[in-house]
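Remarks on the structure that follows.
The values are calculated or read from the model by the stated rules, or taken from the named source; none is laboratory data. Given the structure is predicted, the values throughout are model-derived calculations rather than measurements. Please note: Cβ atoms are built from the backbone with ideal geometry, for glycine as well, and neighbour counts cover all protein chains shown. Heavy atoms of the whole protein, side chains included, go into the accessibility calculation; ligands, DNA and RNA do not. Shrake-Rupley method; radii C 1.70, N 1.55, O 1.52, S 1.80 Å.
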Amino acid sequence: MKVKQQERSPDLRPAVAGSAGFLPAFEGMRGAAALGVLLTHVAFQTGEVTDTVLGRVWGRFDLSVALFFALSGYLLWRPHSRAARGFSDPPRIARYVRHRLVRIMPAYLVVVILVLVLLPEARTSNMQVWFANLTLTQVYTPFTLVEGLTQMWSLSVEMAFYLALPLIAVLLTRLRGRYAGWRIPVILLTAAVSLSWKYVPIETAAGVHHDNWLPGYLSWFAAGMVLAELAVAPAPAIVRIVRARFVMPLAALTAFAVAVSPLAGPPGLVELHPREYAVKIFCGAMLGFALLAPIALAEPGHRHRILASPAGLMVGRWSYGIFLWHVAILMVAFPILGVPAFSGYMIPVLAVTVALSLAVASVSYALVEEPSRRALRGWEARKKERSERSSVVRAGHVLPEPRRQGGKAAITTAVTARKASN
């Protein structure tokens, strides 16, 4: 007598908001991160980053960069995590590269050109400075982080991560299907090893610091990558911990407090001891995970009241422009107010810098960023339409030239007719 085949057990993993689709609160978090970077630069330029508790707090808002990196790790790794579990096809590299370049480079190149041409402190830049800034290789080229563009070191690191991501995905190719559970341990181990990056003795030219290269910040990206794995394949125990009311906020506050303490080094733009560097980077990774996890692993339909509000979404849309322009605008804020740098006046300088950064960022979004993305989407739609038309023609149906509107519909109708005839 045959034994009745056992039915497949239902998936008992909890549903989470980040399993697929757009998370509005992440857009607002991106805006908060941009304002955090702006705040720490204003504090430094007004002389408020001092060896006091408040001065250290202002200085450690530079960990907002960890949020940017963790967001990139999450958003760009989630498609690979889904593909590893058979939920979707792997991302196409050509499309991925196109979208990353169009997202980053048009607005960035506008800023670089205008700053190097118009900002008095940067107008004397030589060809090496121009080349390094136009190609996002500042962290590898001596003395090319110029006034008005000093924050771009992090964008150089981010671009390196964009280029490395397909290779990382290839290295983890075998960890798919039933082996996908090993992906998080491997990512965590790699992040832990990367904390020792500053201990590695690498000879560099004067003005180049290898601790500003991608390996030193892998744990910040890894925080988002681990979260992407958890969003696609949620572990019930971890989800319960993340959803507990005070756990993640307490973890974020603890990480920030340690980063503010002397354990993470002195305040200001000074070179850190390898141990201090490791502590700071670890705190940034913990902060990024603790702030993003409650959003990605929340119950489906959960909406953050502040980050997903209309104001939060607006600042999020403009966040890239805020990041790109705020240092140059900060340089202009001092003469506008008639005060010298490093002389205090943090509140008025902050108010002017925020107001002008929001205004300029809105223009950048409307005139450069969004038109660039629309142009790419239009090009891809036309390319797909041509491909569909070619496939129909090869199948034996010669179609009339599609008009501006309705062409795609005509192709679809012909394809349907072809299938019906078969």
## Note on the structure
Computed over the chain: longest principal axis from alpha-carbon atoms vs helix 183-194 long axis, angle to nearest 10 degrees, is 20
### Task
Springs between alpha-carbon atoms under 10 Å, Gaussian network over the chain: tell me which of SER19, SER387, SER156 tops the mean-square fluctuations.
SER387
### Summary
In deg cm²/dmol, rounded to the nearest 500, the helical mean residue ellipticity at 222 nm of the chain, built from -39500 (n - 2.57) for every DSSP H run of length 4 or more, is -20500 deg cm²/dmol
## Note on the structure
Shape call for the stretch 272-331, from the Cα gyration tensor axes a ≥ b ≥ c (a/c under 1.5 means rounded, otherwise prolate when a/b beats b/c, else oblate), comes out oblate
### Summary
Loop-resident trypsin sites (Lys or Arg not before Pro) in the stretch 184-266 with no more than 10 other Cβ atoms inside 10 Å, DSSP not H/G/I/E/B, are ARG245
#### Entry: GNM top mover of VAL170, VAL360, VAL42 - the chain, alpha-carbon springs below 10 Å
VAL170
### Query
Is the shape of the stretch 228-344 rounded, prolate or oblate, going by the alpha carbon gyration tensor and its root eigenvalues a ≥ b ≥ c, with a/c under 1.5 for rounded and a/b larger than b/c for prolate?
oblate
### Summary
With +1 at each Lys and Arg Cβ and -1 at each Asp and Glu Cβ, the charge dipole magnitude of the stretch 142-245 around its Cα centre, to the nearest 20 debye, comes out at 780
### Query
If you plug each phi of the stretch 276-288 into the Karplus form 6.51 cos²θ - 1.76 cosθ + 1.60 with θ = phi - 60°, what whole-Hz ³J(HN,Hα) values come out, in order, with x for Gly and Pro?
5, 4, 4, 5, 4, 5, 4, 4, x, 5, 5, 5, x
## Note on the structure
For the chain, Rg(Cα) over 2.2 N^0.38 Å is 1.11
### Total charge dipole magnitude, the chain, about the Cα centre, Cβ charges on Lys, Arg, Asp, Glu only, Debye to nearest 20
2620
### Query
Of the chymotrypsin sites (Phe, Trp or Tyr not before Pro) in the stretch 309-380, which ones lie in a loop per DSSP and count no more than 16 other C-beta atoms within 10 Å?
PHE342
### Task
Please label the shape of the stretch 181-266 as rounded, prolate or oblate, based on the square roots a ≥ b ≥ c of the eigenvalues of the alpha-carbon gyration tensor (a/c under 1.5 means rounded; beyond that, a/b larger than b/c means prolate, else oblate).
oblate
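Hey, can you find the accessible area per residue of the chain for me, probe 1.4 Å, expressed in square angstrom?
Per residue, the chain has an accessible area of 53 Å².
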### Query
For the chain, modelled as a Gaussian network with Cα springs under 10 Å, which listed residue fluctuates most, MET127, MET225, MET152?
MET127
### Query
Over what distance in Å are the Cα centres of the stretch 13-41 and the stretch 198-236 separated?
19
### Message
Order 56-65, 98-107 from most to least packed using the mean count of other Cβ atoms within 10 Å.
### Response
56-65, 98-107
### Summary
In the stretch 147-274, taking the dipole from +1 charges on Lys and Arg beta carbons and -1 charges on Asp and Glu beta carbons about the Cα centre, the listed residue (THR150, VAL232, PRO267) farthest towards the positive end is VAL232
### Leading residue at positive end of dipole, the stretch 17-89 (Cβ point charges), from GLY55, ALA17, SER88
SER88
### Query
What stretch of the chain, leaving out the sites themselves, is the longest with no GluC sites (Glu not before Pro) in a DSSP loop having at most 13 other Cβ atoms within 10 Å?
8-202
### Task
Can you give me the three principal axis dimensions of the stretch 63-129 from its C-alpha atoms, in Å, biggest first?
54, 30, 18
